[in-house]
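The values are calculated or read from the model by the stated rules, or taken from the named source; none is laboratory data. As the structure is a computational prediction, the values presented were derived from the model and not from experiment. Glycine also receives a Cβ, built like all others from the backbone with ideal geometry; neighbour counts cover every protein chain displayed.
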Amino acid sequence: MPARRPTPSPPTSSKRKPTPLRELVRETVSIPTAAYLEGAVVRHLRRFAAERGLDCSLDRFGNVHIEYRRGRRSRNRRPLVLGAHMDHPGFVVTAVKGRRLTLEFRGGISAEYGKGEQLRIYPVDGSAESHDGAGAATGVALVTSVEGVSRVRGGPRRLTGGKATLEQGGTARVGDLALWDVPECRFRGEIVHARQCDDLIGAVSVLATLDRLAAAGADGHVVGLFTRAEEVGLCGASAAARARLLPEDAVAIAVETSSKAAGRADQGGGPIIRVGDAVHIFSPRVTEWMTALAQQLACDHGGFAYQRRLMDGGTTEATSYDLYGYETGAACVALGNYHNAGPRGRVAAETVHLGDLEGLVQLFGRMAAEMPRFQRSLPALKRRFDDLGREAAPLLRSTAKAFRQGPPPDNSSARSTRQMTRPPSSLELALE
Ligand SMILES: [Zn+2]
């Protein structure tokens, strides 16, 4: 009888390796989705959470909350909520007559796009879904005409719907998704070309953060919030914030892909700390904290780069969270071919840079780890200004005496004073 070997210890979550980023990208961005038709993404998120033993729940509006919580509870460790939306602009089939389809467009793109483009049809119930959630099209259709409306008289028309003809052999039903026939996901070097980067790449950044925390078994409290119907007006996020479904003491970060052209941001220049959007700005304390952590990362790893931008090309869910009183910041990566608007009036895959995405995940990891010190972040900045004021005071006082006595000093003496004295502080502030 062979000697019994010692029983190996049962596998623990900390033994699991994090999923490679490219794999997470491919399996997430390829899932067909549109506003109010995010079911396939929801199924993917549930599988993701179950595989990692993470709590996953749906709120009454269908937004998905995935929670990672480990370590000691403390008043200072506020939950970090990372929110991304699950939908993307696309058509929905509203009528089928033989091979003639009537379509409604949910999302924002100019009505100059669409006519003559090819679409792929996906059943909304996932009946053609493979086991990993990737969609299989049941048909291909050609857009024969489009409809659009202007927000202002004589202004640019936005696509609202159209007609299409189903190719022989395909099937379509009312309620199906009809999405642009562009690459679902393709890597060219470090650039991801995908039909739905916005905002499934944002969702990937949140998933990768949760995945790495779970694999490391690190202390932290992070909630991934995956919202619905953003492309038709920030609906899921607003409903959740209005109903106070985020933890009351959350620091909420809205995560997006945002037009690089409209935001004047560089693709490949690193993740973007988003100061505001087209209508609003977010918590200065959160923005300052994120910037300080990005600076730390840049010091720790020579290759880490980041950008700090307003990104006022559109409106983000952060505006909802902030207006409903949550302490809010925002982050994004620079997006090419925003909303599939490619060059020369043709639709195209959207693009993001994998390095920007990796940087975003690293920044979120650092934020999760540093959350217990968040409360002290603004006092730290105030201390720097305190030092500035205190150190500058003697020189200001002594030079101010000249203003009270004798003839007014001429400019040349003021210049020489500046040249003779060292800067009042060695603090590294970018002063303008
Ligand atoms: Zn969008």
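For this structure, a couple of remarks:
Per-residue answers, yes or no, for (1) exposed (fewer than 15 other Cβ atoms within 10 Å of the Cβ); (2) assigned to a helix (DSSP H, G or I); (3) modelled with pLDDT of 95 or more:
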| residue | (1), (2), (3) |
| --- | --- |
| 335 | no, no, yes |
| 339 | no, yes, yes |
| 355 | no, yes, yes |
| 358 | no, yes, yes |
| 398 | yes, yes, no |
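- Filter result (within 13 Å of the ligand (Cβ to nearest atom) and within 20 Å of residue 209 (Cα to Cα)) within segment 238-270: 254, 255, 256, 257, 258
- On the stretch given as segment 312-329, residues that are within 14 Å of the ligand (Cβ to nearest atom) and either touching a Leu at 6+ places or on another chain (Cβ under 6 Å) or in a strand (DSSP E or B) (or both) total 1.
- Taking every residue in segment 142-155 that is among the hydroxyl-bearing types (Ser, Thr, Tyr) and pairing it with any residue that is at pLDDT 85 or above, at least 6 positions away or on another chain, the pairs with Cβ-Cβ distances below 7 Å are 144/163; 144/164; 144/165; 145/115; 145/162; 145/163; 150/156; 150/157.
- Failed item in (1) more than 14 Å from the chain's Cα centre (by Cα); (2) away from the ligand (no atom under 16 Å from the Cβ), with residue 360 passing the rest: (1)
- Sole residue being hydroxyl-bearing (Ser, Thr, Tyr) and not assigned by TED's automatic domain parsing to the domain that holds residue 18, chosen from 150, 205: 150
- Selection within segment 34-72 - over 17 Å from residue 207 (Cα atoms) and among the hydroxyl-bearing types (Ser, Thr, Tyr): 36
- Annotation: of all residues in segment 182-221 being in contact with a Lys or Arg (Cβ under 8 Å, 6 or more places away or on another chain) and β-branched (Val, Ile, Thr), the one that is surrounded by the fewest Cβ atoms within 10 Å (Cβ to Cβ) is 182.
- When residues in segment 271-292 are screened for being surrounded by 16 or more Cβ atoms within 10 Å (Cβ to Cβ) and within 16 Å of the ligand (Cβ to nearest atom), 3 of them pass.
- Residues satisfying the stated conditions in segment 321-339, i.e. among the hydroxyl-bearing types (Ser, Thr, Tyr) and out of contact with any strand residue (DSSP E or B) (no Cβ under 8 Å at 6 or more places or on another chain): 324
Here's the yes/no breakdown for (1) over 24 Å from residue 215 (Cα atoms); (2) over 24 Å from the mean Cα position of the chain (by Cα); (3) at pLDDT below 95; (4) surrounded by fewer than 23 Cβ atoms within 10 Å (Cβ to Cβ):
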residue: 78; (1), (2), (3), (4): no, no, yes, yes
residue: 84; (1), (2), (3), (4): no, no, no, no
residue: 87; (1), (2), (3), (4): yes, no, no, no
residue: 90; (1), (2), (3), (4): yes, no, no, no
residue: 96; (1), (2), (3), (4): yes, yes, no, yes
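- Some residue of segment 59-76 being buried (at least 20 other Cβ atoms within 10 Å of the Cβ) and within 16 Å of the ligand (Cβ to nearest atom): no
- Only one entry in 210, 225 is assigned to a helix (DSSP H, G or I) and either more than 17 Å from residue 255 (Cβ to Cβ) or not polar (S, T, N, Q) (or both), namely 210.
- Here is the figure for segment 228-258: residues that are buried (at least 24 other Cβ atoms within 10 Å of the Cβ), assigned to a loop (DSSP other than H, G, I, E, B) and small (Gly, Ala, Ser) total 1.
- The set of residues in segment 181-205 being more than 22 Å from residue 46 (Cβ to Cβ) and away from the ligand (no atom under 14 Å from the Cβ) consists of 181, 182, 183, 186, 187, 188, 189, 190, 191, 192, 193.
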